[in-house]
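Worksheet: one structure, shown below.
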Amino acid sequence: MIDSNIYERRPARAGKVQKLQSTLLTKAKTEPSYRFYSLWDKIWREDVLDEAYKRCRRNGGSPGVDGESFAQIKDQGTAEWLGNLREELRGGTYRPQALRRVWIPKSQGGERPLGIPTVKDRVVQTAAVLVLAPIFEADFCEEQMGFRPGRDAKTAVRLAYYQVRQKGRPEVVDADLSDYFGTIPHGALLKSLSRRIADPKVLSLIRAWLKVPIEERSRGRGKSRTTPAKDTCRGTPQGGGISPLLANVYFRRFILAWKKFGWDQRTNSVIVNYADDLVICCRPGNGAIALKAMTQIMEKLGLTVNERKTNLVCVPEGKFNFLGYTIGRFYGKDGKSFTGTRPSKKALQKIIRAIHDETTSQWHASTPEVRTVVINQKLRGWAGYFDQGPVVKEYRIVQNYTERRLRRWLVRRRGKRGTGYRQYPDEYLYEKLGLIKLATSRAEQSNAKARKSEMRAGCGKSARPVR
């Protein structure tokens with residue numbers, strides 16, 4: 001079991017916001033049917049807004065439709081800005097602004113829309129999450145791994161692997177939902193929220209966030225505004241700070257329905273969910289039944305299963321991708337097969353593409369030291385997540401590619417040609433520029449994992465599996 005009650009840790013050292021969260025979580029856990037009537041005044045509390053602003057500032061991000069940035073707020077005076085926002089909330093004059101539409105590339109091709117709120121809306125949404133998340137944390141199911149304290153994507157991957165490899169559930173429903181965030185029905189979502197929230201101002205605020213228009217800028221046509229969420233009464237815009245919490249609240253309905261109708265017992269299955277990613281690990285012979293039942297329940301919830309991307313996989317004969325990892329049969333150096341996890345081909349392609357983009361001619365004005373710092377950030381982030389299972393082969397591919405690209409960039413930057421091996425040997429890349437070196441041998445990987453375990457132990461955190 002995971003210790004989900006992170007809000008109750010070290011109460012003597014916790015700040016006011018953490019103590020508030022601990023109080024709300026304790027109340028929600030001890031009284032499962034309790035509805036919270038007084039939450040609005042907690043959202044605009046000075047300490048809550050201050051903490052919300054710090055988190056938003058840490059995450060960074062571009063301005064919304066009003067063009068206001070964190071730098072401008074700093075120049076104006078953060079305390080004054082937060083004071084004005086607090087007065088807007090307390091006086092009831094706060095109104096959410098439109099979302100700025102941007103498009104980001106998808107790993108499978110195409111683009112995915114994101115709605116960028118203004119900094120002001122981001123801060124208020126984060127303040128709302130600080131207050132509401134502990135309440136719903138008491139209700140979330142064990143199977144939900146996304147955007148919760150003490151859990152993360154790697155926890156979900158380990159649990160899926162554990163169910164397949166150790167618990168004898170090799171038949172896996174690898175489900176894909178079509179635009180989950182964009183199709184959540186508002187009415188059913190608000191009903192789920194009102195089961196715990198009785199404060200009309202808070203419910204009204206969430207309803208307003210769900211219906212804000214989207215502003216998009218296009219060349220030649222200027223700005224245009226649309227209201228798809230308001231027109232269809234569906235969707236929580238990806239990009240808003242409140243969206244992950246709302247997505248978890250609604251996905252809980254599927255898990256409860258799955259258990260209510262006894263499908264967990266009938267198929268002897270375990271669900272692993274992270275945001276809109278879902279796998280159902282079943283005992284042999286039950287996968288097809290689970291797939292049919294899952295599809296039917298999703299339809300009743302107003303959600304659509306993407307049949308083209310949803311698969312029934314039997315491990316080890318087949319493999320499936322989950323949260324960047326491939327789980328299935330692999331072969332060691334001795335030729336023996338094993339069931340394990342490795343970074344997926346798409347995950348490997350993604351970091352290769354990122355290194356490529358950071359070493360193109362557009363960065364010739366940058367210094368080698370700055371380029372190396374940026375590349376190191378990419379490598380650390382990627383390797384920090386993809387450190388489960390045998391990853392030496394993938395690390396070596398990434399390391400070799402990074403060396404080649406960086407050398408090539410250094411040569412081209414000087415207007416020369418060639419590979420750069422003689423001009424820029426390993427000593428220059430690693431000692432002079434400080435390029436980090438991934439663990440490209442099993443011994444190095446074991447030492448790196450040992451150091452991580454020591455760091456976790458020093459922080460008082462457990463590195464044990466989920467179950």
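The values are calculated or read from the model by the stated rules, or taken from the named source; none is laboratory data. From a predicted model like this one, the values you see are computed outputs, not experimental measurements. Here Cβ is always computed from backbone atoms with ideal geometry, including for glycine, and neighbour counts include all displayed protein chains. Surface accessibility is based on the protein's heavy atoms, side chains included, excluding ligands, DNA and RNA. Shrake-Rupley method; radii C 1.70, N 1.55, O 1.52, S 1.80 Å.
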One computes Rg over Rh for the chain from alpha-carbon atoms, with the Kirkwood Rh, and obtains 0.98
With Rh as the Kirkwood radius over Cα pairs, segment 87-214 has Rg/Rh of 1.02
Surpassing 31 Å at the alpha-carbon level, of the pairs Lys42/Lys223; Lys154/Lys223; Lys154/Lys260, are Lys42/Lys223; Lys154/Lys223
A convex hull over the alpha carbons of segment 247-320 yields, per residue, a volume in Å³ of 89
extent check for segment 306-380: Cα max minus min per principal axis, descending, whole Å, gives 51, 39, 17
Quarter of the surface of the C-alpha convex hull for segment 147-272, i.e. direction-averaged projected area in nm², equals 10.8
For Leu348 the rounded accessible area (nearest 10 Å², probe 1.4 Å, non-protein molecules ignored) is 30
In deg cm²/dmol, rounded to the nearest 500, the helical mean residue ellipticity at 222 nm of the chain, built from -39500 (n - 2.57) for every DSSP H run of length 4 or more, is -15000 deg cm²/dmol
Rounded to the nearest Å, the spacing of the alpha-carbon centers of segment 47-62 and segment 299-316 is 37
Net charge (Lys, Arg +1; Asp, Glu -1) of residues whose beta-carbon lies under 12 Å from that of Ile242, Ile242 excluded, is +1
Here the Kirkwood hydrodynamic radius of segment 211-281, Cα-based and in Å, equals 15.1
Counting only protein heavy atoms and leaving out ligands, DNA and RNA, the solvent-accessible surface of Thr295 at a 1.4 Å probe, in Å² to the nearest 10, equals 30
Given backbone amide H placed at 1.01 Å from N, residues whose amide H is under 5 Å from that of Leu177, ignoring those fewer than 5 places away on the same chain, are Asn306
Computed ³J(HN,Hα) along segment 83-100: with the Karplus parameters 6.51/-1.76/1.60, θ = phi - 60°, integer Hz and x for glycine or proline, the list is x, 5, 5, 4, 5, 4, 5, 5, x, x, 9, 5, 9, x, 9, 5, 8, 8
